[in-house]
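Notes follow once the structure below has been shown.
Rule-based calculations on the coordinates, nothing more; no lab input. These figures come from a predicted structure and were not determined experimentally. So basically every Cβ, Gly included, is an ideal-geometry build from the backbone, and we count neighbours across all protein chains shown.
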Amino acid sequence: MSAVREAIADAARAVTMPVGTRKLTSTGYVPDEVNEPCFFAGEYSVDFDKAMGRALDEAEITCRVLVSRADDKAAQRLLDRMLSGSGPGSLKQAIEAARGAPGEYALGGLAHDLRVTRIQGYRWYEHAGVDYVGAELTIKVIGDGSG
């Protein structure tokens with residue numbers, strides 16, 4: 001899962017931030033300190049043996065995106081842009097681009113497929129004693145469980 005989480009973070013870095021906004025910090029792990037805007041892979045769950053012979057496992061990874069709340073309205077506009085379903089600022093579009101071409105494995109061969117399935121928890125988050133506006137993205141990843 002470590003390699004999968006890192007590959008998702010790498011894919012998220014492809015998002016295009018608006019002019020005058022800092023580049024997205026992206027990591028496959030929950031950071032000690034947030035350098036906003038920040039995307040990170042957090043909790044995950046795995047359903048084993050979705051097919052016989054360890055042929056398929058299914059993981060759901062909860063990722064978070066946090067932005068500064070120095071200007072509440074500007075922060076929420078930036079967050080809305082990153083949470084949109086498409087466009088150069090869309091995390092969904094950037095992450096799903098790592099699915100590969102038809103017939104190719106996703107995440108550079110780490111998974112059969114992945115899909116951003118849900119956005120939830122649009123709210124204020126406290127992380128390491130600092131408040132941010134943010135949301136959670138749920139990513140479903142399927143792949144061979146025997147490796």
Task: Percent of C-alpha pairs per 5 Å bin, region 1-52, short to long - done: 5, 19, 23, 19, 14, 9, 5, 4, 2, 1, 0
Task: Given charges at Cβ of Lys, Arg, Asp, Glu: region 2-143 dipole, positive-most of Ser45, Thr21, Val34 - done: Thr21
Open item on the list: Just to be sure I understand, if you calculate Cα extents along the principal axes in Å for this structure, which of (i) 52, 31, 21; (ii) 58, 52, 24; (iii) 40, 28, 26 do you get?
Closed with: (i)
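Would you work out the charge dipole size for region 53-146 about its Cα centre, treating the Cβ of every Lys and Arg as +1 and the Cβ of every Asp and Glu as -1, and quote it to the nearest 20 debye? List each step's numbers first, then the result.
On the way: 12 positive and 13 negative charges, 52 e Å.
Dipole of region 53-146, to the nearest 20 debye: 260 debye.
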- [ ] Give the cross-link partners of Lys23 among the lysines, using a straight C-alpha distance below 26 Å as the criterion and excluding same-chain residues fewer than 8 apart.
- [x] Lys73, Lys92, Lys140
TODO: Could you work out how far the C-alpha centroid of region 90-112 sits from that of region 1-66, in angstrom?
DONE: 13
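Evaluate E = 1/(1 + (r/R0)^6) for Tyr29 and Asp72, where r is the Cβ-Cβ distance and R0 equals 30 Å; express this FRET efficiency to the nearest 0.05.
Values: r = 28 Å, r/R0 = 0.93.
Working from the Cβ atoms, E equals 0.60.
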- [ ] Working from Cα positions, state the angle (0 to 90°, nearest 10) between the long axis of helix 2-12 and the longest principal axis of the chain.
- [x] 50
Open item on the list: Can you tally the net charge around Gly87? Count Lys and Arg as +1, Asp and Glu as -1, for every other residue whose Cβ sits under 14 Å from the Cβ of Gly87.
Closed with: +1
Task: Estimated [θ] at 222 nm from DSSP helical runs (n ≥ 4, -39500 (n - 2.57)) normalised by residues in the chain, nearest 500 - done: -5500 deg cm²/dmol
Task: Residue-by-residue Karplus 3J(HN,Hα) for region 20-25, coefficients 6.51, -1.76, 1.60, Hz, glycine and proline x - done: x, 9, 4, 5, 5, 7
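By the scheme Lys and Arg +1, Asp and Glu -1, what is the net charge of all other residues having a beta-carbon under 13 Å from that of Asp144?
Working: positive: Lys50, Arg54; negative: Asp49, Asp57, Glu58, Asp113.
Overall, the nearby charge balance is -2.
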